[in-house]
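Here the structure is laid out as structure tokens; the discussion comes afterwards.
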Amino acid sequence: MTTTTPRPSSTPTGGPRDAAPPHGGIAGWCARHRWRTLFAALLVLAGTVVLLSGGLVTTKPDDQLVGDSATAAKIAGAVDFGDRPTENVVLTSRSGTFTADEVAALGRDLRAAYTGIEGVAAVGDPALAPDGRTVVVPVALDAVQRADGSTPDGATTPQDAVGPMLVVTDRVAADRPALEVGQVGPGSIDAEVGEALEADFRRAEYISLPVTLGVLLVAFGAVVAAGVPVLLGVGAVVAALGLTAWASRGITPVDQNTQSLVLLIGLAVGVDYALFVIRRSREERAAGASVVEAVTTAGRTAGRAVVISGITVVVAMSGMLVAGGMFTSLAIGTMLVVAVAVLASATVLPALLVVLGDKVEAIRLPFSARRAARRGSVDSLWGRLAGAVTRRPLVWTLAAGGVLVALALPALGMRTALPGAESLPKSFDSVATYDRLTAAFPQDGTTVDVVVRAPAAASAQVDAALEKGFRAAVATGEVAAGEPQVKTSTDGTVHVLPLPVPVDMSDPRLGTAVDTVRADVVPVVEQALAGTGADVHVGGSAAVTDLTRWLDDRLPWVVGFVLVLTLAVMTVSFGSPSLAAATVVLNGLSVGAAYGVITLVFQNTWAEGLLAFTSIGSIAAWLPLLMFVVLFGLSMDYHVFVVSRVREAWAAGVGPRDAVRLGVARSAGVVTSAAAVMVAVFAIFGTLSSLEMKQLGIGLATAVLLDATLVRGVLLPGVLALLGRRAHTGPKWLPAIHH
């Protein structure tokens, strides 16, 4: 249990107050009542598995939208346009152009090929592109898809219906080697891209566990000791997913990426927290303590660091609640998995370690004893480096800080966007076909939609108004010329005018086009509909611009919230405002460096071959905010653990600078191992096909690597040495939480 008492500025945290309480606190209680604790943990885990079996209720894509474009999407999604989802068969001549007779013949052949095929409702007429090289034949599927991309319960989805048609398309391509034949539409994209990305995530999830176990085997040198953190991490993820599933049904639907993020964060922190406690328990056992004493001491020291770190991580993740919108469910999932991991490390882990006893050292690897003997020595690599840093702390601090600032500088040129099909791997057939379709028919690519809701009696007047609006849009130069193609709902109350914009969704010119439509086109339509009671909104690809700007606007608020709360948590936890301020600055440098690295890598083309991606010149708009809260929280793991070991040495009477050297040396092994686990797990996500997941994985892996080496190995020791006693003391009136 913890108490809050005032502490004079000259009194360090430590000394007699750090002695083990009579009953050893929570860890001691769980160690003594180990079977009761483990049985309760199994019941809780079983309960969360039952909750998870009900599945997660996920949000629809349009639920993430904001502003005027969200209103447009809701209006269009609430009515029936009578359209069936359409697949486009795209045929491009490898040499020369099509004649009118050849186009007519293709139309007849394809109508015969697709008519009567299961899942096909109708085959349209062929259309020849202006360049004469590409013919497109629309094929309506026997499926249902609303304007917001959803399908009513019980109805056939485009992905379910498209299979037989894809088989025919492959046969058409094989019969016409002189043509490049492909198919693209909501069904084929979901069938290929969706399944490939889902397979990517499954592969990442399957690989992450053996990779984590391999790193822990090297860290502990014993199979059983390595398996315990993995067991705790997986248990925390399962329990958190069960609770998240319950929240998705009873509180709010969750984002589709919540499950992957919970796995990513949960496995990382769950393994790290268990690693900290197990390593400290082994140290105490090697020093002669009994099993229960070793576990109790580990809970009182490393366990306290885990609790402080976990609280700070939860605080950081709660910053997503400040952002709201699409981040609310991500915040719920990540906060739950961190809280569960902390609780498991404080209760289940001590009980499990006592049950295992010295069997935790079972099945040792060769040479592990020799490596363990060197661990924690001041003569180790990290110990010698810490000694050099503490002798000349200002020089080392300025040098390491300069490196991080240099890495962060490219972030000043970071451009964010929410990418569309251009970010998908070009190796996918449907993506390559989409590129050919939009090159030949720009109106089938990016569109800004003018959505009008009006009484059905005014339907003819709305059509006339939208025709005026289309001419005004073309006159701006932002919209491709052509003929207006207005879609009208079956009840005549909603009309949608797609305005083709010849740019990708991640192109910065899209924002200009959206602003122009709102400034120059909407007033024309509204004036023509004056007195009809019509509502005019702008949607379609405008949603990308609105959401990107919303995300950019939320970032400063989230940063401010997390910084202030982190400062408060660290001040109360360690009783030193100077240390808390240093924590905020160092973590900020880590995040800034990570921003700079992903900007340098992904906004340019030099790393495309190395990381297997095609640069779109921007960073996913949601990534800076998510990366900030995740990195700011996770970096506390190392920071709190190192500072806790330094504080122990100082409380034992060692001088401030020698305490830094001892603390860094004693914590270096566990910090290195923990970082290796995180880097490995995050790097796996950097291998996914999705550009956005690749950016997230590489960004997190790079940040953790920098944090565990340059920041915790050089900057933190340098700052602690410069602070001296101020790193351990504070004002008399400041309360400090301690055992």
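The values are calculated or read from the model by the stated rules, or taken from the named source; none is laboratory data. Keep in mind it's a predicted model, so treat the numbers as computed, not measured. Counting neighbours? That spans all protein chains shown, and the Cβs are built from the backbone with ideal geometry, glycine included.
Just a few scattered comments:
- Note on region 559-677: enclosed helices (runs of 4 or more DSSP H) holding 1 or more residues that are among the β-branched types (Val, Ile, Thr) are 577-602, 623-651.
- Answer from Val562, Val558 - the residue that is touching a Ser or Thr at 6+ places or on another chain (Cβ under 9 Å) and surrounded by 20 or more Cβ atoms within 10 Å (Cβ to Cβ): Val562
- Annotation: of all residues in region 173-187 being surrounded by 15 or more Cβ atoms within 10 Å (Cβ to Cβ) and in a helix (DSSP H, G or I), the one that is farthest from the chain's Cα centre (by Cα) is Ala173.
- Looking across Leu715, Leu705, one residue alone is in a helix (DSSP H, G or I), at pLDDT 80 or above and surrounded by fewer than 23 Cβ atoms within 10 Å (Cβ to Cβ). It is Leu705.
- Only one of the listed residues (Val664, Val719, Val714, Val704) is in contact with a Lys or Arg (Cβ under 8 Å, 6 or more places away or on another chain) and either within 22 Å of Val403 (Cα to Cα) or outside the structural domain of Ala593 (by TED's automatic domain parsing) (or both). That residue is Val664.
- Any hit, region 509-528, residues being touching a strand residue (DSSP E or B) at 6+ places or on another chain (Cβ under 7 Å), under 30 Å from Ala620 (Cβ atoms) and in a loop (DSSP other than H, G, I, E, B): no
- Region 637-674, subset within 18 Å of Val342 (Cα to Cα) and of a type in the set (Gly, Ala, Ser), residue surrounded by the most Cβ atoms within 10 Å (Cβ to Cβ): Ala674
Residues are listed down the side, and each one gets a yes or a no for (1) under 30 Å from Ala683 (Cα atoms); (2) modelled with pLDDT of 90 or more; (3) crowded, with 16+ Cβ neighbours inside 10 Å; (4) not β-branched (Val, Ile, Thr):
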{"position": "Asp507", "(1), (2), (3), (4)": "yes, no, yes, yes"}
{"position": "Gly511", "(1), (2), (3), (4)": "no, no, yes, yes"}
{"position": "Val524", "(1), (2), (3), (4)": "no, yes, yes, no"}
{"position": "Ser576", "(1), (2), (3), (4)": "no, no, yes, yes"}
{"position": "Thr583", "(1), (2), (3), (4)": "yes, no, yes, no"}
{"position": "Ala594", "(1), (2), (3), (4)": "yes, yes, yes, yes"}
{"position": "Thr599", "(1), (2), (3), (4)": "yes, yes, yes, no"}
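- Taking the conditions (1) in contact with a strand residue (DSSP E or B) (Cβ under 9 Å, 6 or more places away or on another chain); (2) at pLDDT 80 or above; (3) loosely packed, with under 15 Cβ neighbours inside 10 Å in turn, Asp358 satisfies each one other than (1).
- Comparison of Pro419, Pro410, Pro425 shows that the only residue that is in a loop (DSSP other than H, G, I, E, B), in contact with a helix residue (DSSP H, G or I) (Cβ under 8 Å, 6 or more places away or on another chain) and farther than 25 Å from Val167 by Cα is Pro419.
- Residue satisfying all of: in region 193-205; farther than 19 Å from Asn88 by Cα and more than 18 Å from the chain's Cα centre (by Cα); surrounded by the most Cβ atoms within 10 Å (Cβ to Cβ) among these: Ala196
- Against the criterion of being part of a helix (DSSP H, G or I) and at pLDDT 85 or above, Ala439 does not qualify.
- Region 471-487 residues that are within 17 Å of Asp515 (Cβ to Cβ), paired with ones that are surrounded by 14 or more Cβ atoms within 10 Å (Cβ to Cβ) and hydroxyl-bearing (Ser, Thr, Tyr) (beta carbon under 6 Å, 6 or more apart): Thr476/Thr516; Glu478/Thr516
- Long-range neighbours under 6 Å by Cβ, at least six apart or interchain, first residue touching a residue at least 12 places away in the same chain (Cβ under 8 Å) within region 167-194, second among the charged types (D, E, K, R) and assigned to a helix (DSSP H, G or I): Gly182/Asp429
- Yes/no for Asp190 being part of a helix (DSSP H, G or I), within 18 Å of the chain's Cα centre (by Cα), more than 27 Å from Val44 (Cα to Cα) and not small (Gly, Ala, Ser): no
- Look at region 40-64: where a residue is aliphatic (A, V, I, L, M) and a partner is assigned to a loop (DSSP other than H, G, I, E, B), sitting 6+ places away or on another chain with Cβ atoms under 8 Å, you get Ala41/Thr347; Val57/Pro253.
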